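Here is the structure we will look at.
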Amino acid sequence: MKFTDFNLKKSIQDAIQEAGFTEPSPVQKEAIPLILDGNDIIAQAQTGTGKTAAFGLPIMSMMKADGSVEGLVIVPTRELAMQVSDELYRFGKLSNIKTATVYGGTAYAKQIERINQASIVVATPGRLQDLLMSKKIKLNPHFVVLDEADEMLDMGFLDEIKNIFTFLAKDRQTLMFSATMPKAIRKLAEEILQEPKTVSITKSESTNTSITQLYYVVEERERDDALVRLIDFKNPNKCIIFCRMKKEVDRLVAHLTAQGFKVSGLHGDMEQKQREVTIKAFKQGGIDIFVATDVAARGLDVNDVTHVFNYHIPFDSESYVHRIGRTGRGGKTGEAITLVTPNELKTIKRIEKDVGTTMATEVIPTRQEVQNAKEDELIAKIAGTQITESAIKLVKTLQHDLDIVTIAHLLASMIQSENAILGKDKIGLTLDQIALAIEKIRNERTPSSRNRSRGRSGNDSNRRRSSGAGKDKSRSGHSSRDHGGQSRGGRNSGQKSRS
Ligand code: ADP
Ligand code: MG
């Protein structure tokens, strides 16, 4: 199926082409025709599945672009407001559709001026309510979108939203988008939608198949070592580490900084300006690792996040889905890695059931294994390096006192000391131990299954992945291909940069 199969007007089709979109995503395939037919919809699809275009394209295609505000999009955070605006601008610019972005913390006057020129207003609930209640603006949009509705409710915006809807005309088309569908969302939908059609891209389709989900079983005291080892091994381009508490965020930031990583915390109570600066640094590569709580990472949309780490497993499945959705965005692949203790295996099993996926388990690579992988990487890098004039001069100087083999050994030692893998050799449980631990929790639940599951526990060698994720490429040896040539940034001594 192609975008041209939809009945979208020419200038919108052109913008889609310009954006480089070729195939509509599942939520777009389902939602766009329903919206074009004039239906209210309630759509569930995960982050990163293209919801903005799913509502943006059809409503913009139906707009008159006559200078009045025809569309209102309500989003939970200022950042999302800016992101959604940017995305809508891309699609609307050839159709003379202007967007205004409205959020708290900035002057009213300018925003009001923009609103008066816009066809679409993208707003956060608080500021929008202010503007409506103080009668600073009057809106009569035909299209109203609630984006990331679950996050808005999580953030406590229910009253604001209900209040906002008292200002809106009944004669409207209302579209609700959410990554999850808890009861409170359904209830709100009943109040504000009329005979909505449901779009649900869940389960296998939504748990974005481009995200590989893994978990590692460790003892409580091994978490830090396991995390560092895995970062060393996986060599993420950008990653987000999720913690449960702010306190933990601070501690981990200090710990990882001391190890030479370019890392920053993301706090819920960070000042907006500081938050933006930090996110920008992350986007541009000045920071490679974010350590964040769920609240702080809400609405965070950064491309190229290759890995999400759950330092602690989140308690509820919805947080899990939200967290892992920060990777594998925009058609790229990603890996979600969760650390659990044997006790927490129960939570893994529950989330697997709730979300409808299987997570695979692996054993944390030993120090030697990581070292070997790094060595392969280093060899490839050395072989690919261009010889410079100054290097030739340096070696000549060294040759006054040393023979060439000694020089080579010294240089190699110098490079390797920067890449040393620290910590104890073995971390966490082996596959046999994991299988036993899983059997134990199964038996706790169903005593009668004891005999059946026993046969499975002794399964094959220790090192291999044991279940699920059949699509993933298996790790044959230690491919340095995945990490090809990528430098470890701030881990090189003497350049522990922080912005
Ligand atoms: P969501 O709102 O579901 O989290 P977004 O609308 O923010 O997702 O889209 C995520 C990313 O995917 C954006 O960078 C967007 O430009 C891109 N995208 C959306 N739809 C498509 C598509 N059909 N083809 C390619 N990229 C797409
Ligand atoms: Mg979105």
Using a 1.4 Å probe over the heavy atoms of the protein chains, calculate the carbon and sulfur portion of the accessible area of the chain as a whole percent. 50 percent
Pop the C-beta distance of Q272 and L402 into the FRET formula with R0 = 56 Å and round what comes out to the nearest 0.05. 0.50
When only C-alpha pairs under 8 Å and at least 6 residues apart count, what is the relative contact order of the range 3-205, in percent? 29 percent
Toy charge model, Lys and Arg Cβ at +1, Asp and Glu Cβ at -1: the range 367-418 dipole around Cα centroid in debye, rounded to 20, equals 120 debye
So which aspartates and glutamates pass the test for K2, namely a Cα distance under 12 Å, with those fewer than 8 places away in the same chain ruled out? E23
Leaving out ligands and nucleic acids, and using a 1.4 Å probe, what accessible area per residue does the chain come to in Å²? 48 Å²
Under 19 Å from the Cα of K64 - lysines, other chains or at least 8 residues apart: K9, K10, K93, K98, K138
Any chance you could look up the accessible area of L394 with a 1.4 Å probe, heavy atoms only, rounded to 10 Å²? 100 Å²
Order by accessible surface, 1.4 Å probe, largest leading, for residues K162, K135 comes to K135, K162
What FRET efficiency comes out for N443 versus K136 if R0 is 41 angstrom and r is the Cβ-Cβ distance? Round to the nearest 0.05. 0.05
For the chain, what is the charge dipole size about the Cα centre, in debye to the nearest 20, if Lys and Arg each add +1 at the Cβ and Asp and Glu each add -1 at the Cβ? 340 debye
Over 17 Å apart: what share of the alpha carbon pairs of the range 367-418 falls there, rounded to a whole percent? 47 percent
Rg/Rg_globular for the chain, with Rg_globular taken as 2.2 N^0.38 Å and Rg from C-alpha atoms: 1.11
Starting from the Cα-Cα distance between A19 and T358, subtract it from 0.36 nm times their residue separation and give me the gain in nm to one decimal. 118.6 nm
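The values are calculated or read from the model by the stated rules, or taken from the named source; none is laboratory data. On a predicted model such as this, the values are computed, not experimentally measured, just so you know. Glycine also receives a Cβ, built like all others from the backbone with ideal geometry; neighbour counts cover every protein chain displayed. Accessible surface is based on the protein model in full, side chains and every heavy atom, while ligands, DNA and RNA are left aside. Shrake-Rupley method; radii C 1.70, N 1.55, O 1.52, S 1.80 Å.
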